[in-house]
Amino acid sequence: MNSTVVRTLLVRGMLAGLGAGVLAFVFAYLVGEGPVDAAIAFEEAGSHEHGEELVSRSVQSTAGLATGVLVFGVAIGGILALAFCFALGRIGRFGARATAGLTALGGFLTVYLVPILKYPANPPAVGDPDTIDKRTALFVLMIALSVLLGIGAVLLGRRLAPARGNWNASTAAAVAFVAAVAVAMAVLPAGDNTPKGFPATDLWEFRLASLGVQAVLWAGFGLLFGYLAERVLEPERARGKVSALVA
């Protein structure tokens, strides 16, 4: 794959990340803002300090939320586009769309899902401010370990495939990944410091909404980028699909 194609895929990956970010923002605004408002109300009810807000809640829930999600989507899109360029043809005989989907799925599992199983998401207004640096460092460490273990599992599967077959090799690699992640979770310290008395329903709804936002973002990227990458790498096939739909 030459540098021109990689650059084209990088740009399309960022565009796909932007599109996926728009979808994630809509989901976050419609589903996630309710639990955040509940968390803020809980904090204000237990606090005797009522300082002036630097940024209004309406701006936070619209422009602020959109900016954060869209910037994150573009960044993830660029990174995953480069990962796609490396993975294409190296993880099996998959086409552009399938490779894009697998890349997005692998990223979702290692970058988000596995880390939050150890360090679940909390609403912005919940938690001890004095421990935020420690909790952030632990979460980043868990992401790094998860990504490295995921890469190791892929390499293990490729190494075992010639002798064991693709199915057995993939199963062995998945089992090894789960076992290694379990050990990492057991060794790392706990980081959840949800205050006593915080409504369990609000916390559960926030965590489900957070999971939903990420699922929409990563799935949206996989679908959008798969389409865009196919038009670059497999133009004849992409044109054939469009012609079939028109007919």
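The values are calculated or read from the model by the stated rules, or taken from the named source; none is laboratory data. Please read all numbers here as calculations on a predicted model, not as lab measurements. Reconstructed Cβ throughout: ideal geometry from the backbone, glycine too, with neighbour counts over all protein chains shown. For the accessible areas, the whole protein counts, side chains as well, though only heavy atoms, and no ligand, DNA or RNA atoms are used. Shrake-Rupley method; radii C 1.70, N 1.55, O 1.52, S 1.80 Å.
Observations, loosely collected:
- Residues that are under 22 Å from the mean Cα position of the chain (by Cα) and surrounded by fewer than 13 Cβ atoms within 10 Å (Cβ to Cβ) within segment 152-174 comprise just one, 155.
- Evaluation of residue 209 against (1) of a type in the set (A, V, I, L, M); (2) at pLDDT 90 or above; (3) open to solvent by 30 Å² or more (accessible area, probe 1.4 Å) (one fails), failing number: (3)
- Restricting the search to helices (runs of 4 or more DSSP H) fully inside segment 54-148 and requiring at least 1 residues that are modelled with pLDDT of 90 or more, out of contact with any strand residue (DSSP E or B) (no Cβ under 8 Å at 6 or more places or on another chain) and farther than 23 Å from residue 21 by Cα gives 65-87, 114-118.
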